Amino acid sequence: MPILLFRVDERLIHGQVVIGWGSQLHPERYLVVDDDIADSEWEQDLYRLTVGDSTKVSFFTVEQARQRVSEWMSADERTLLLTRDLCSMLRLARNRLLEGKSVNLGGIHHGKGRKMVRSYLYLNDADRGRVRALEEEGMHASGRDLPGSLKVGLADLLEE
Amino acid sequence: MSDVDACGVVLGHGAMAIGMVDAARRVAGIEEGALVALSNEGKGPDSLRDELIRIVGEGPVVIFTDMRVGSCAVAAGVALRSGGRRAVVCGVNLPMLLEFAFHRSEPLEELVPRLVEQGRSSITAHLPYADSPV
């Protein structure tokens, strides 16, 4: 079973992911790709607590993930892969490592220079540049907080 | 008795916390400031964490979250770790908040187990034609 969802979400594992997407996709594991959290055991424990015992959660740096992502995509486990920013997803996708895969932008909140695309998604020029770069790496980016929400297409994401 | 009464922060998705705090105030008459609502609506993890830590101060404080899963529980976990006299209770309900209102002078070590017990025991269900609650 390939990775069912590549998602960028500042909150990583939270209600929308575990309940909203989880009830649709029935993941057996979450892979969190984040350089800082991969080095922080207490933060990892915190995220594991919020998931419960039935689903595995693993944490990797971007470089570790780049070494393993092909293996994960051909593994049997139903998997969701999460980063908390566009930068990490883009680093993961470099050299067309995730070519043809969709990337879901599920939660980037208000910040410096960011303009609202949807209530859960704010982007600035640098963010839009990263979205374009993801497309250049062969990924297909769209916005959607929950499975039942309307998808936000690339043109809307890139509108300044 | 504790030297200072505990305060409570109800942290939840959407408008849930505001509604629960309003209901607790109406039923128990708990004063403003003793029980505070905080929503995660529109907040990223950093801003939610910062606002929560600002509200809880040094404590004693009980942070009530709507559920064990999610950004609210994660923010509460970070606040718990960042020091002060703090406790986190996940899965808040109104009977639990009312128990808090009437016993918040107790030390956290006694108060928190009491809240959990009250919250659990207040959940009942009734099936049609059954003689007693489930």
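Couple of notes before you dig in:
- Which numbered condition A:E137 fails, given (1) crowded, with 17+ Cβ neighbours inside 10 Å; (2) acidic (D, E); (3) within 16 Å of A:D9 (Cα to Cα): (3)
- Condition met for A:R7 (open to solvent by less than 10 Å² (accessible area, probe 1.4 Å), basic (K, R) and on the phi < 0 side of the Ramachandran plot): yes
- The sole residue among A:L105, A:L146 that is within 14 Å of another protein chain (Cβ to nearest Cβ), assigned to a strand (DSSP E or B) and of a type outside the set (D, E) is A:L105.
- Per-region count, segment B:1-25, residues assigned to a loop (DSSP other than H, G, I, E, B), in contact (Cβ under 8 Å) with a residue 40 or more places away in the chain and open to solvent by less than 30 Å² (accessible area, probe 1.4 Å): 2
- Against the numbered list (1) more than 14 Å from chain B (Cβ to nearest Cβ); (2) surrounded by 21 or more Cβ atoms within 10 Å (Cβ to Cβ), A:D125 comes up short only at (2).
- Single unsatisfied condition, A:R11 versus (1) within 19 Å of A:L86 (Cα to Cα); (2) part of a strand (DSSP E or B): (2)
- Hits in segment A:38-60 - residues which are within 11 Å of chain B (Cβ to nearest Cβ), assigned to a helix (DSSP H, G or I) and surrounded by fewer than 15 Cβ atoms within 10 Å (Cβ to Cβ): A:W42, A:D45
- On the stretch given as segment B:78-120, residues that are of a type in the set (S, T, Y) and either within 14 Å of another protein chain (Cβ to nearest Cβ) or touching a strand residue (DSSP E or B) at 6+ places or on another chain (Cβ under 6 Å) (or both) total 1.
- Scoring A:A155 on the criteria (1) assigned to a loop (DSSP other than H, G, I, E, B); (2) free of Cβ contacts under 8 Å to residues at least 24 places away in the same chain; (3) among the small types (G, A, S) leaves a single failure, condition (1).
Yes or no, residue by residue, for (1) within 14 Å of chain B (Cβ to nearest Cβ); (2) hydroxyl-bearing (S, T, Y); (3) within 11 Å of the chain's Cα centre (by Cα):
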position: A:V62; (1), (2), (3): no, no, no
position: A:R68; (1), (2), (3): no, no, no
position: A:E71; (1), (2), (3): no, no, no
position: A:T83; (1), (2), (3): yes, yes, yes
position: A:A93; (1), (2), (3): no, no, no
position: A:L97; (1), (2), (3): no, no, no
position: A:H109; (1), (2), (3): yes, no, no
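- Selection from segment B:32-77 of residues that are within 9 Å of chain A (Cβ to nearest Cβ), open to solvent by less than 30 Å² (accessible area, probe 1.4 Å) and either among the β-branched types (V, I, T) or not in a loop (DSSP other than H, G, I, E, B) (or both): B:L48, B:V69, B:S71, B:C72, B:A73, B:V74, B:G77
- Residues that are crowded, with 17+ Cβ neighbours inside 10 Å and out of contact with any Lys or Arg (no Cβ under 8 Å at 6 or more places or on another chain), drawn from segment A:67-88: A:V69, A:W72, A:S88
- All of (1) exposed (fewer than 13 other Cβ atoms within 10 Å of the Cβ); (2) in a loop (DSSP other than H, G, I, E, B); (3) in contact (Cβ under 8 Å) with a residue 40 or more places away in the chain hold for A:L98 with one exception: (1).
- Taken together, the residues in segment B:78-108 that are part of a helix (DSSP H, G or I), in contact (Cβ under 8 Å) with a residue 24 or more places away in the chain and within 14 Å of the chain's Cα centre (by Cα) amount to 10.
- Any hit, segment A:19-37, residues being within 11 Å of chain B (Cβ to nearest Cβ), open to solvent by less than 20 Å² (accessible area, probe 1.4 Å) and modelled with pLDDT under 95: yes
The values are calculated or read from the model by the stated rules, or taken from the named source; none is laboratory data. From a predicted model like this one, the values you see are computed outputs, not experimental measurements. Cβ sites come from the backbone with ideal geometry, for glycine too, and all protein chains shown count toward neighbours. Surface accessibility is based on the protein's heavy atoms, side chains included, excluding ligands, DNA and RNA. Shrake-Rupley method; radii C 1.70, N 1.55, O 1.52, S 1.80 Å.
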